[in-house]
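Just so it is clear, none of the values below were taken in a lab; they were calculated from the coordinates. What you are looking at is a predicted structure, and each value in this text was computed from that prediction instead of being measured. Reconstructed Cβ throughout: ideal geometry from the backbone, glycine too, with neighbour counts over all protein chains shown.
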Amino acid sequence: MTPITPYHYLVLSAALFMLGVIGVMTRRNIIIIFMSIELMLNAVNINLAAFSQQLHNAVGQVFAIFVVAVAAAEAAIGLGIILAFYRNKETLNIDEMNILRW
Amino acid sequence: MFESILFYTLAAFILGFGVLVVTARNTVHCVVFLVANFLCVAMIYVMLGAEFLAIIQVLVYAGGIVVLYLFVVMLVNLKRGPDAAPDRRRQSRVGFVLAAVMLAEISAILVYSAARPASAVAAAAATPLQTVGNTEVVGMLLYTDYLIPFEVASMLLLVAMIGAILLAKKEI
């Protein structure tokens, strides 16, 4: 068996990112779309950690922590918007969320 | 050998739980699969020598963000699923095509960069990192070189907190 190289981690991260893209593109429930975005952010973090290990430089991990902080902020604001929207229109379907569409 | 077994097992779990998150009908099941996915990713971080990041992943993602998701899923408790739209099939096809194009793009980048020699990478890999623990290294970087981004991130979290409270209030 070949040793695990950063390319293995890159392929894993690319596959996880693709799963997130498929989720965002195919699902209509906005909560599941948000979860798919979290999957994509996780894929990015795996990438950063893999390069951090290969280059023996902890800056990648620092940036991964920033990504986690931004993901937390995004989740709080996004779920607040979802709740406010649900109170008004009683739906979570993004096809019905078109009141800002021109 | 052991590392390979661990990596492939974790990768299979991560991708399997990812597929379940994207495909599960019940939103609560999706959230549970998301927790499992995050925990497996945390184990990948431990394999990569990023212990602090792994702990942050478990505490912030699996402990904080997912609980927030669960609260919202329980609060909006839908009778009929939103995925029953009539032209769902067509949108799925477009989504899969877009994802396949993106996957082809990323693998092209991977193949292209794998074909080139990485001399700078090998030179940079000579310096040792783990003279002290991983957490100390990350903390030193956060509070010296990346102090201003750190403060900006804390300000972002404060603004997000106030914004979330305002958004979730009945009337402002």
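Summary table below
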quantity	calculated
Flag if A:Ile37 is β-branched (Val, Ile, Thr) and at the interface with another protein chain (Cβ under 7 Å from one of its Cβ atoms)	no
Residues (more than 8 Å from every other protein chain (Cβ to nearest Cβ), among the small types (Gly, Ala, Ser) and assigned to a helix (DSSP H, G or I)) located in the stretch B:13-40	B:Gly16, B:Ala36
Those residues of the stretch A:45-58 which are out of contact with any helix residue (DSSP H, G or I) (no Cβ under 6 Å at 6 or more places or on another chain) and either without any contact (Cβ under 8 Å) to a residue 40 or more places away in the chain or surrounded by fewer than 20 Cβ atoms within 10 Å (Cβ to Cβ) (or both), in sequence order	A:His56, A:Asn57
Some residue of the stretch B:37-51 being under 18 Å from A:Gln53 (Cα atoms) and free of Cβ contacts under 8 Å to residues at least 12 places away in the same chain	yes
Pair list, Cβ under 9 Å, 6 or more apart: the stretch A:72-98 residue over 20 Å from B:Leu156 (Cα atoms), other residue assigned to a strand (DSSP E or B)	A:Leu92/A:Asn29; A:Asn93/A:Asn29; A:Ile94/A:Asn29
